[in-house]
Amino acid sequence: GLSGKLQEAMKKLRGKGRVTEKDVKEMMREIKLALLEADVNFKVVKDFIGKVSERAVGQEVLESLTPGQQVIKIVHEELINLMGSANSKVTFSSKPPTIYMMVGLQGSGKTTTSGKLANLLRKQGKKPLLVACDVYRPAAIKQLQVVGSQLGIEVFSMGDKTNPVDIAKAAVEYAKSRQYDLVIIDTAGRLHINEELMEELQNIKEAVRPQEILLVVDSMTGQDAVNVAESFNEKLGVDGIILTKLDGDTRGGAALSVKAVTGKPIKFIGMGEKLNDIEPFFPDRMASRILGMGDVLSLIEKAQEAFDEKKALELEKKMRTQQFTLEDFLEQMQQIKKMGPLNQLLAMIPGFNANVMKDIELDEKKMARVEAIIKSMTKEERNNPSIINGSRRKRIAAGSGTTVQEVNKLLKEFEEMKKMMKMMTEMGKRGKKGLKKF
Ligand code: GDP
Ligand code: MG
């Protein structure tokens, strides 16, 4: 997929102490191919490569201490810019109810997303009303009613014999008289864009003047999704895009080009069929996901914040001289705790083998047990864990109120942790200058 290809392209620069213009050119060529293959709009690719190349062969990069890292950072930043830089929120009317009109082709996910959005905004304290305006597709009304009943959210419908414009108008009156904050209108789609569909949507728009028209597009359709978005925006005007089915095997092209082509931001993404599977869209997170690099920059920042440089140096010396003890281990655990959940941190390290660390969960409760175990050891044992044989393990378990298995597990993790500490220490030390190696 796209992220695999981009990772390949960037791997070559990672850790490079010197980057030539030729390196950058080669990398850009590979990134270009990867983007085109992922069905990113051709013009968008061209602009993107142009911007990145210009910055990447600049003096600032070639003369920096960590040019490889710099180029990767530029690619990351430009991907974020491409998708709109910040999270774009839905807006609310000053005078309730706020009306959102959901539009899009048939099967794009309008009905499901109407429910998801209602559910999401209800969690933020809004009282939503869902409105069934798809009077064409058989069982479309029923589908929305099922969604509504699953969520416990009311659905306004007038059957399939009434004109959608009249339904929408009546729904807004209904919502006003019953203090709903939010009216979400689920409209009909078609297999393709046509005049009839656009006219109907225009009429609903005129009749109820929605706060936002939210276009639902299926990310699996790649470049088609972008073309659809462009047409809808030209003919109807849209305020935001909701990209669905990003959980599937999408090539990523739609997410990357839709903002650049239409000028309209992606506001939410659909990540599954369930009614909870919706997320606000964050360009930076998506860029990281696409690059498959995790949030490297925030990892560096976190490591910098939490690690006391002097301590890190001491620790590194201990590592080097094999003097790292269980007491140091305990202290390091406290440091790591400051950085946040460990598995989250590990996930941010590119190429990190998560399986190795699968068993390590550093929650508060476990910290306390680990502390108890280490405190039940003699000084000699703490300094030289290799002497901890079977009978010592039994004694330590009894003394700490834990089990022999837990003691075994800790000793095993200690060994794993040693490896990780080494990595973290390097990061803490190099963080301020930017990482040389990843
Ligand atoms: P509509 O015709 O635009 O109203 O589309 P529907 O809401 O009926 O959705 C069409 C199909 O896509 C349904 O089977 C949904 O369950 C599915 N769907 C919608 N959003 C998502 C999503 O984010 N992920 C996945 N995997 N499926 C989705
Ligand atoms: Mg529908």
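Some notes on this structure:
- Qualifying positions in segment 152-185 - of a type in the set (Asp, Glu) and within 15 Å of ligand 2 (Cβ to nearest atom): Asp160
- Top-ranked residue of segment 121-144 - restricted to ones that are free of Cβ contacts under 8 Å to residues at least 24 places away in the same chain and within 12 Å of ligand 2 (Cβ to nearest atom), ranked as surrounded by the most Cβ atoms within 10 Å (Cβ to Cβ): Ile141
- Selection from segment 94-114 of residues that are over 22 Å from Ser177 (Cα atoms), of a type outside the set (Lys, Arg) and either away from ligand 2 (no atom under 16 Å from the Cβ) or not in a loop (DSSP other than H, G, I, E, B) (or both): Met102, Val103, Thr111, Thr112, Thr113
- Qualifying residue in segment 99-121 (condition: more than 16 Å from ligand 1 (Cβ to nearest atom) and of a type in the set (S, T, N, Q)): no
- From the list Arg285, Arg209, the one residue that fits, being surrounded by fewer than 18 Cβ atoms within 10 Å (Cβ to Cβ), of a type outside the set (S, T, N, Q) and within 28 Å of Val146 (Cα to Cα), is Arg209.
- Taking the conditions (1) within 13 Å of ligand 2 (Cβ to nearest atom); (2) under 16 Å from Ile213 (Cα atoms) in turn, Ala118 satisfies each one other than (1).
- Condition check for Thr91 on (1) of a type outside the set (Lys, Arg); (2) assigned to a loop (DSSP other than H, G, I, E, B); (3) within 11 Å of ligand 1 (Cβ to nearest atom): one failure, at (3).
- Failed criterion for Glu212 (all others in (1) within 16 Å of ligand 2 (Cβ to nearest atom); (2) at pLDDT 95 or above; (3) in contact with a Gly (Cβ under 8 Å, 6 or more places away or on another chain) hold): (1)
- On inspection, Gly270 passes the criterion of being under 15 Å from the mean Cα position of the chain (by Cα), of a type in the set (Gly, Ala, Ser) and within 16 Å of ligand 2 (Cβ to nearest atom).
- Any chance Asp239 is within 24 Å of the chain's Cα centre (by Cα), at pLDDT 95 or above and more than 16 Å from ligand 2 (Cβ to nearest atom): yes
- Positions within segment 181-227 being away from ligand 1 (no atom under 11 Å from the Cβ) and among the β-branched types (Val, Ile, Thr), in sequence order: Val183, Ile184, Ile185, Ile193, Ile204, Val208, Ile213, Thr221, Val226
- Candidates Ile396, Ile349, filtered to the one that is surrounded by 13 or more Cβ atoms within 10 Å (Cβ to Cβ), among the β-branched types (Val, Ile, Thr) and at pLDDT below 65: Ile349
- Subset of segment 131-150 [of a type outside the set (S, T, N, Q), under 30 Å from the mean Cα position of the chain (by Cα) and within 12 Å of ligand 1 (Cβ to nearest atom)]: Leu144, Val146, Val147
- Only one entry of Asp181, Asp166 meets the criterion of being surrounded by fewer than 23 Cβ atoms within 10 Å (Cβ to Cβ), free of Cβ contacts under 8 Å to residues at least 60 places away in the same chain and charged (D, E, K, R), and that entry is Asp166.
- Answer from Ser88, Ser93 - the residue that is more than 24 Å from Gly189 (Cα to Cα) and at pLDDT 95 or above: Ser93
- Single unsatisfied condition, Ile153 versus (1) surrounded by fewer than 24 Cβ atoms within 10 Å (Cβ to Cβ); (2) part of a loop (DSSP other than H, G, I, E, B); (3) within 14 Å of ligand 1 (Cβ to nearest atom); (4) at pLDDT 95 or above: (3)
- Taken as a whole, the condition of being touching a helix residue (DSSP H, G or I) at 6+ places or on another chain (Cβ under 9 Å), more than 16 Å from ligand 2 (Cβ to nearest atom) and free of Cβ contacts under 8 Å to residues at least 12 places away in the same chain applies to Glu60.
- Residue tally, condition within 26 Å of the chain's Cα centre (by Cα) and farther than 24 Å from Glu173 by Cα, over segment 183-214: 0
- Filter pass, Ala188 being in a loop (DSSP other than H, G, I, E, B) and within 16 Å of ligand 2 (Cβ to nearest atom): yes
- Residue match in segment 119-135 (condition: within 24 Å of Asp218 (Cβ to Cβ), among the polar types (S, T, N, Q) and part of a helix (DSSP H, G or I)): yes
The values are calculated or read from the model by the stated rules, or taken from the named source; none is laboratory data. Predicted model only: the values in this text are computed from it and were never measured. Reconstructed Cβ throughout: ideal geometry from the backbone, glycine too, with neighbour counts over all protein chains shown.
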